[in-house]
Ligand SMILES: NC(=O)c1ccc[n+]([C@@H]2O[C@H](COP(=O)([O-])OP(=O)(O)OC[C@H]3O[C@@H](n4cnc5c(N)ncnc54)[C@H](OP(=O)(O)O)[C@@H]3O)[C@@H](O)[C@H]2O)c1
């Protein structure tokens with residue numbers, strides 16, 4: 001039975017997911033938020049597939065333990081980059097380091113993310129969830145984009161969420177200073193913003209050999225939300241966690257999107273794990289998306305990058321992107 005687009009995700013979760021055994025030997029794969037949950041599983045699966053890992057993490061102890069594990073189990077090349085993605089200055093430093101150290105980037109998995117029930121502003125004045133889930137991944141991608149284009153093919157995977165369906169994105173109140181903060185909507189807002197920029201990125205990147213897709217990693221048992229208050233944690237442990245699936249399915253899905261030959265030219269799509277889905281209409285509004293792009297550019301202090309149309313017509317997109 002075909003469900004309406006809005007609730008297609010109920011079906012997708014029960015469909016057979018695609019997998020691939022294609023190896024990723026030596027492919028430089030950057031994963032943010034690799035110390036836990038979805039990011040850990042993605043890094044583990046990429047390590048198993050032979051990829052060279054660049055793990056962007058905020059906790060050095062956890063990151064070093066990961067490096068040890070992947071070297072022992074898979075003899076992986078592992079580079080650790082420490083960065084707190086609630087600080088855009090850290091995102092810039094991480095990108096600088098990577099650009100100096102790596103001449104090519106084959107895969108970028110923007111995964112670091114969180115869900116808070118309370119409004120907390122970052123040192124730089126952004127609402128934390130919006131900053132980590134959207135602004136940081138937007139800035140990081142923009143800063144690494146040119147390197148990926150120069151050494152294409154490359155794939156960008158934005159770990160998004162069915163939570164984009166909660167909406168909540170108001171460009172006039174991104175810090176929630178005029179609205180009561182509702183955690184699910186704060187989370188939804190960040191994921192809607194990221195999705196809307198994925199469509200813009202995909203247009204800009206058309207013809208460059210670099211693809212970008214967004215995905216929901218499954219509804220899986222991780223640490224997300226577990227730094228909220230005791231009542232939330234109690235409710236989550238008792239009523240939500242028992243319904244969640246193991247996060248290795250997320251790692252397998254990310255590996256498929258990163259490695260499968262049939263995904264080579266697929267760009268600008270939203271997947272529930274590996275099943276393509278239609279996002280909510282509010283996340284498909286391209287006019288609104290152009291405003292989100294502009295605001296994201298301003299908030300991250302990036303120079304203006306011309307959007308779809310003009311770039312597609314450029315004969316030399318690389319030098320255009322450099323200007
Ligand atoms: N779990 C689900 O069912 C689900 C569903 C839909 C989407 N997602 C998405 O999946 C992604 C990963 O979440 P998860 O469920 O795996 O949660 P998780 O277990 O809490 O992992 C989140 C990862 O992000 C890192 N992180 C959080 N804040 C950070 C910051 N300020 N700077 C740098 N790294 C930071 C964490 O680092 P630490 O280890 O240091 O805390 C951790 O490595 C998120 O984008 C989330 O929205 C998850």
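If only residues of segment 222-246 that are in contact (Cβ under 8 Å) with a residue 60 or more places away in the chain and within 8 Å of the ligand (Cβ to nearest atom) are counted, the one that is surrounded by the most Cβ atoms within 10 Å (Cβ to Cβ) is 222. If you go through segment 67-77 one residue at a time, do you hit one that is in contact with a strand residue (DSSP E or B) (Cβ under 6 Å, 6 or more places away or on another chain), under 28 Å from residue 199 (Cβ atoms) and surrounded by fewer than 21 Cβ atoms within 10 Å (Cβ to Cβ)? Checking segment 67-77: not a single residue is in contact with a strand residue (DSSP E or B) (Cβ under 6 Å, 6 or more places away or on another chain), under 28 Å from residue 199 (Cβ atoms) and surrounded by fewer than 21 Cβ atoms within 10 Å (Cβ to Cβ). Among the residues of segment 1-27, the ones that are touching a strand residue (DSSP E or B) at 6+ places or on another chain (Cβ under 9 Å) and in contact (Cβ under 8 Å) with a residue 12 or more places away in the chain come to 12 in all.
Taking the numbered list (1) in contact with a strand residue (DSSP E or B) (Cβ under 8 Å, 6 or more places away or on another chain); (2) within 13 Å of the ligand (Cβ to nearest atom); (3) part of a helix (DSSP H, G or I) in turn, residue 215 passes all entries but (3). Sub-7 Å Cβ pairs linking a first residue in segment 111-122 that is in contact (Cβ under 8 Å) with a residue 60 or more places away in the chain and under 18 Å from residue 137 (Cα atoms) to a second residue that is part of a loop (DSSP other than H, G, I, E, B) and near the ligand (Cβ under 7 Å from one of its atoms), at least 6 apart or interchain, are 111/33; 112/33; 112/85; 113/33; 114/224; 115/224, ordered by first then second residue. If you go through segment 247-278 and keep only what is touching a strand residue (DSSP E or B) at 6+ places or on another chain (Cβ under 9 Å) and within 14 Å of the ligand (Cβ to nearest atom), you end up with 247, 248, 249, 250, 253, 254, 257, 270, 271, 272, 273, 277.
Name the helices (runs of 4 or more DSSP H) wholly inside segment 1-103 in which the number of residues that are modelled with pLDDT of 95 or more, within 22 Å of residue 140 (Cα to Cα) and within 14 Å of the ligand (Cβ to nearest atom) is 3 or more.
Helices (runs of 4 or more DSSP H) meeting the threshold: 37-48, 60-74, 88-101.
Of the residues making up segment 124-174, those that are away from the ligand (no atom under 11 Å from the Cβ), in a strand (DSSP E or B) and under 24 Å from residue 291 (Cβ atoms) are 127, 156.
The values are calculated or read from the model by the stated rules, or taken from the named source; none is laboratory data. Every value quoted in this text rests on a predicted model; they were computed, and no experiment measured them. All Cβ positions, glycine included, derive from the backbone under ideal geometry; neighbour counts span all protein chains shown.
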